[in-house]
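The values are calculated or read from the model by the stated rules, or taken from the named source; none is laboratory data. Bear in mind the structure is a predicted one, so any value in this text is a computation, not a measurement. Don't worry about glycine lacking a Cβ; one is built from the backbone with ideal geometry, like all the others, and counts go over all protein chains shown. Ligands, DNA and RNA are excluded from the accessible area calculation, which covers all protein heavy atoms including side chains. Shrake-Rupley method; radii C 1.70, N 1.55, O 1.52, S 1.80 Å.
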Amino acid sequence: QVQLVESGGGLVQVGGSLRLSCAASGSIFSIIAMGWYQQAPGKQRELVARITSGGRTNYADSVKGRFTISRDNAKNTVYLQMNSLKPEDTAVYYCGAFKVGANYWGQGTQVTVSS
């Protein structure tokens with residue numbers, strides 16, 4: 001099992017910044033990728049950004065140039081730096097960890113962007 005604990009969400013004004021953190025623990029070996037997903041009310045969970053064990057990243061088109069995913073292997077932590085936030089970024093953000101045949105999710109952290 002992999003345990004994921006997210007932090008860093010909150011309320012921010014349009015144009016502001018937040019940094020989300022996701023600390024992984026447990027059976028973290030063989031994790032092939034970690035990522036951040038967002039889920040707005042009434043919508044499906046969608047990929048925001050993902051980073052592989054090899055360091056490759058990919059982003060949703062809506063956040064390219066504004067969000068940056070990174071990781072600190074020594075701390076088993078993945079970060080999502082969110083800049084130039086927009087009202088449409090408002091959602092619950094979930095951290096995910098992925099192994100072959102298994103997905104793990106954190107409890108989610110709310111991000112609200114007010115205008």
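Scan segment 8-22 for residues that are out of contact with any Cys (no Cβ under 9 Å at 6 or more places or on another chain), buried (at least 16 other Cβ atoms within 10 Å of the Cβ) and among the hydrophobic types (A, V, I, L, M, F, W, C) and the total you get is 2. Taking the criterion of being of a type outside the set (Gly, Ala, Ser), more than 16 Å from Pro41 (Cβ to Cβ) and assigned to a helix (DSSP H, G or I), the residues of segment 68-94 that qualify are Asn73, Lys75.
Taking the numbered list (1) surrounded by fewer than 18 Cβ atoms within 10 Å (Cβ to Cβ); (2) without any contact (Cβ under 8 Å) to a residue 60 or more places away in the chain; (3) touching a strand residue (DSSP E or B) at 6+ places or on another chain (Cβ under 6 Å); (4) not basic (Lys, Arg) in turn, Gln39 passes all entries but (2).
For beta carbons closer than 8 Å, sequence separation of 6+ or different chains, a first residue in segment 8-28 that is without any contact (Cβ under 8 Å) to a residue 40 or more places away in the chain and a second that is assigned to a strand (DSSP E or B) and surrounded by 16 or more Cβ atoms within 10 Å (Cβ to Cβ), the qualifying pairs are Gly26/Val2; Ser27/Val2.
Residues being farther than 18 Å from Gln1 by Cβ and touching a helix residue (DSSP H, G or I) at 6+ places or on another chain (Cβ under 7 Å) are represented in segment 47-62 by at least one member.
Please state which one of Val78, Val92, Val5 is hydrophobic (A, V, I, L, M, F, W, C), open to solvent by 60 Å² or more (accessible area, probe 1.4 Å) and in contact (Cβ under 8 Å) with a residue 40 or more places away in the chain. Of the residues listed, the single one that is hydrophobic (A, V, I, L, M, F, W, C), open to solvent by 60 Å² or more (accessible area, probe 1.4 Å) and in contact (Cβ under 8 Å) with a residue 40 or more places away in the chain is Val5. Is it the case, given these coordinates, that Asp61 is among the charged types (D, E, K, R), more than 14 Å from the chain's Cα centre (by Cα) and modelled with pLDDT of 95 or more? Judged against the criteria, Asp61 is a match. Across segment 95-115, the number of residues qualifying as assigned to a strand (DSSP E or B), out of contact with any Cys (no Cβ under 6 Å at 6 or more places or on another chain), under 14 Å from Ser7 (Cβ atoms) and open to solvent by less than 50 Å² (accessible area, probe 1.4 Å) comes to 2. Of all residues being touching a Ser or Thr at 6+ places or on another chain (Cβ under 9 Å) and in a loop (DSSP other than H, G, I, E, B) in segment 54-67, which is surrounded by the most Cβ atoms within 10 Å (Cβ to Cβ)? Just the residue, please. Checked segment 54-67; the qualifying residue surrounded by the most Cβ atoms within 10 Å (Cβ to Cβ) is Arg66.
Output the number of residues of segment 11-53 satisfying the condition of being outside any strand (DSSP E or B) and closer than 23 Å to Asn83 by Cβ.
7
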